[in-house]
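Inspection log for the structure reproduced underneath, given as structure tokens.
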């Protein structure tokens, strides 16, 4: 397939391909309003109400998330994460005085596997918590909701145990005591993309040229973006490109308003701001995933591929702090799981079994165990000592940087 450059600021991308109705919808918006910020393009590509990647039902016999999909999550690999989170929730429940109900809010629950693993482990290991548990799934995607219905059928039939809402807006402020949970949610939030050009910070926009989507550079689309970009850009070289996810900051502020007492657990791949915005990370972290392959071209397979960018955990900590969420700790998935006794589960498996290899996959420091980070924040309770944060090898230093960023802000 031929390449073109167009107005791509030095990037070459393939000819536009993707879901026809979605491509038409995006092209129509550009025709009416002119170029759109990349954050809007990503929003439409992933979450268009009818044709978006996450909202549209997959083709018959295919799946988007899982071993045969475009990417897989920890819950597709093994139930270990759900079991560990159930153990952590049991400890948080005790710290909160065993409230009734103890509410778990999972945002972006995907296929519902993490919830299924959590509920199964909770019923087995903590009958007291299970009897008081209210598990809320937040997801507006009809396709994802149908998948959740299949994986959670035995739990959805139990009155009062599991409920589903479309959005955080459906939860009243100060109404939740318990735990907010997300796993690989924020990396898929639509993000602004910026570039330093001739000493100026410019934003990537998307235009339509000769029937193709192309990038162009324009001034930042919002004052908040301009302010955040200029606060970071002093040490960036010319041509430096990165992402700023303002949607993630709005999200954590809303979570902070809704949580009355409890803990927020955010699991995702990302970095502290110091690491994410290093001057040598000149191309940013934006990636697309299509059939288990990663690439940087957002204009192929539009609406048929995932788009992601790494999470800025420092900004997330700062925004939470401003709205009453204190930083409890910051670690990686390997350390989090080890702190919660995952070795007991692994020890019960045959060393050569597929289950054993799958569980180990979640712990590998060079794989999912090190790539995925866990940010823990709390509100309405004294600084908790959580088992999931017992082991913090090199992340002690990283946590210090997160907390330093909070204090400076």
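Which residue pairs have Cβ atoms closer than 7 Å, lie 6 or more positions apart in sequence or on different chains, and pair a first residue in region 217-236 that is without any contact (Cβ under 8 Å) to a residue 40 or more places away in the chain with a second residue that is part of a loop (DSSP other than H, G, I, E, B) and surrounded by 12 or more Cβ atoms within 10 Å (Cβ to Cβ)?
226/220; 229/220
Select from region 146-170 the residues that are under 24 Å from residue 51 (Cα atoms) and in contact with a strand residue (DSSP E or B) (Cβ under 7 Å, 6 or more places away or on another chain) and write down the one among them that is surrounded by the fewest Cβ atoms within 10 Å (Cβ to Cβ).
167
Being farther than 28 Å from residue 363 by Cα, assigned to a strand (DSSP E or B) and at pLDDT below 95, is that true of even one residue in region 8-17?
yes
Of the numbered conditions (1) within 18 Å of residue 283 (Cα to Cα); (2) not in a loop (DSSP other than H, G, I, E, B), residue 190 satisfies every one except a single condition; which is it?
All conditions pass for residue 190, except number (2).
Can residue 372 be described as under 20 Å from the mean Cα position of the chain (by Cα), farther than 21 Å from residue 247 by Cβ, surrounded by 21 or more Cβ atoms within 10 Å (Cβ to Cβ) and in the same structural domain as residue 97 (by TED's automatic domain parsing)?
Considered against the rule, which asks whether it is under 20 Å from the mean Cα position of the chain (by Cα), farther than 21 Å from residue 247 by Cβ, surrounded by 21 or more Cβ atoms within 10 Å (Cβ to Cβ) and in the same structural domain as residue 97 (by TED's automatic domain parsing), residue 372 comes out as no.
Does residue 387 meet the test of being closer than 25 Å to residue 193 by Cβ, touching a residue at least 40 places away in the same chain (Cβ under 8 Å) and not assigned by TED's automatic domain parsing to the domain that holds residue 17?
Criteria not met by residue 387.
Identify, by number, the condition in (1) within 25 Å of residue 243 (Cα to Cα); (2) in a strand (DSSP E or B); (3) touching a helix residue (DSSP H, G or I) at 6+ places or on another chain (Cβ under 8 Å) that residue 179 doesn't meet.
Every listed condition holds for residue 179 apart from (1).
So, in region 283-295, how many residues would count as being at pLDDT 95 or above and assigned to a loop (DSSP other than H, G, I, E, B)?
Qualifying residue count for the region: 4.
Given the structure, is residue 246 touching a residue at least 12 places away in the same chain (Cβ under 8 Å) and within 29 Å of residue 110 (Cβ to Cβ)?
It is true that residue 246 is touching a residue at least 12 places away in the same chain (Cβ under 8 Å) and within 29 Å of residue 110 (Cβ to Cβ).
Kindly state which helices (runs of 4 or more DSSP H) lie completely within region 311-409 and contain at least 3 residues that are at pLDDT 95 or above.
313-322
The values are calculated or read from the model by the stated rules, or taken from the named source; none is laboratory data. Computed from a prediction, not measured in an experiment: that's the story for all the values here. Here Cβ is always computed from backbone atoms with ideal geometry, including for glycine, and neighbour counts include all displayed protein chains.
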